[in-house]
1. I'm trying to understand the selection: among the residues of the range 182-203, which are in a loop (DSSP other than H, G, I, E, B) and open to solvent by 30 Å² or more (accessible area, probe 1.4 Å)?
2. Considering each residue of the range 108-142, count those that are closer than 18 Å to Cys77 by Cα and either aromatic (Phe, Trp, Tyr) or in a strand (DSSP E or B) (or both), and give that number.
3. Going by what's in this entry, would Lys129 be described as open to solvent by 40 Å² or more (accessible area, probe 1.4 Å), in contact (Cβ under 8 Å) with a residue 12 or more places away in the chain, touching a Leu at 6+ places or on another chain (Cβ under 6 Å) and farther than 23 Å from Arg268 by Cβ?
4. Output yes when any residue across the range 170-177 is among the basic types (Lys, Arg), open to solvent by less than 20 Å² (accessible area, probe 1.4 Å) and in the same structural domain as Ala208 (by the TED database), and no when none is.
5. With the checklist (1) at positive phi; (2) in contact with a Ser or Thr (Cβ under 7 Å, 6 or more places away or on another chain) in hand, flag the one item Gly245 doesn't pass.
6. Looking only at residues that are of a type in the set (S, T, N, Q) and open to solvent by 30 Å² or more (accessible area, probe 1.4 Å) in the range 226-263, which one is farthest from Leu143 (Cα to Cα)?
7. For the range 109-126, enumerate the residues that are surrounded by 18 or more Cβ atoms within 10 Å (Cβ to Cβ) and not small (Gly, Ala, Ser).
8. Report whether or not Ile243 is modelled with pLDDT of 95 or more, more than 15 Å from Trp170 (Cα to Cα) and among the aliphatic types (A, V, I, L, M).
Amino acid sequence: MRAWIFFLLCLAGRALAAPQQEALPDETEVVEETVAEVTEVSVGANPVQVEVGEFDDGAEETEEEVVAENPCQNHHCKHGKVCELDENNTPMCVCQDPTSCPAPIGEFEKVCSNDNKTFDSSCHFFATKCTLEGTKKGHKLHLDYIGPCKYIPPCLDSELTEFPLRMRDWLKNVLVTLYERDEDNNLLTEKQKLRVKKIHENEKRLEAGDHPVELLARDFEKNYNMYIFPVHWQFGQLDQHPIDGYLSHTELAPLRAPLIPMEHCTTRFFETCDLDNDKYIALDEWAGCFGIKQSECLNKGARGMGRSTAPRVLGCHPHTLCSLGLSVVCPLCLSLLCLPI
């Protein structure tokens, strides 16, 4: 009897063990299939990358772009012109089609020409001016100020005398602000930093603010030496194309264009600076407009101005000048002045 019971238990045990033994080959097959799938992928490749394929395509396109370099890539064209290739694949500058200019985002991108016409943007203006190149109208056409055309009231004599007082103080504050923010930005040269450091540490320096003209006039008399370098520095920042000791209408534009809509004496002030009416403002004429003596102009002229890598555009336009930069209160236009870094 015991033998039969033992025999039955053996049969039951074999029956229970049989499915497990049959399942083992399946698991082995699964493992082998998985290994086979992985081994199909090339060594060092990302399976996701291989499946998608977008990275390989991108790498190939980048290599093609480097090889097939566009001759226009390093060919500079002035405002209003774009680079195109002629039949010999030689880059050349041609007038830009005004309709190809980007659509303006808002009113702040509009500009006003000296014939009192509003353009959607500076791109539209310069493209239009280019099409008039060689004509009398094109020669006289200039960008007058930033913003849509509007009524600019006449500048009275009493207002004209106040303008250089505020602008002198503003230039001084701009330099001080650049000095305070210039850690590793190279906004000023080392020589310029030494000059501005003396102004910055002077206890008699008038802090930035909307001061009455009487206080500005007294401060200029008492601290005359503090204003010499800022006036010369601004001339050096504008005198760039070419560096010849004279400011043309084009060189002066980055300073005057943002100011005109907010300071109605801007145009008349710079016109009075041109004493000999030759359409250029010489260094001595510029200094004289701000009350700097001619002797100081000769002693601290081109050598003392020191060109720097700081931005040339100094003004109060809220979009083009404020998107990336420093900010100081601008007494001239009673708004925020921003300098791109």
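1. Result: Glu183, Asp184, Asn185, Asn186, Thr189, Asn202, Glu203.
2. 2
3. The answer is yes for Lys129.
4. There is at least one residue in the range 170-177 that is among the basic types (Lys, Arg), open to solvent by less than 20 Å² (accessible area, probe 1.4 Å) and in the same structural domain as Ala208 (by the TED database).
5. Answer for Gly245: the failing condition is (2).
6. For the range 226-263, the residue satisfying everything is Gln240.
7. Glu109, Lys110, Val111, Cys112, Phe119, Cys123, His124, Phe125, Phe126
8. Judged against the criteria, Ile243 is not a match.
The values are calculated or read from the model by the stated rules, or taken from the named source; none is laboratory data. For clarity, every value in this text was computed on a predicted model and none was experimentally measured. Positions of Cβ are backbone-derived with ideal geometry, glycine not excepted, and every protein chain shown enters the neighbour counts. Just the protein is used for accessible areas: all its heavy atoms, side chains included, with ligands, DNA and RNA removed. Shrake-Rupley method; radii C 1.70, N 1.55, O 1.52, S 1.80 Å.
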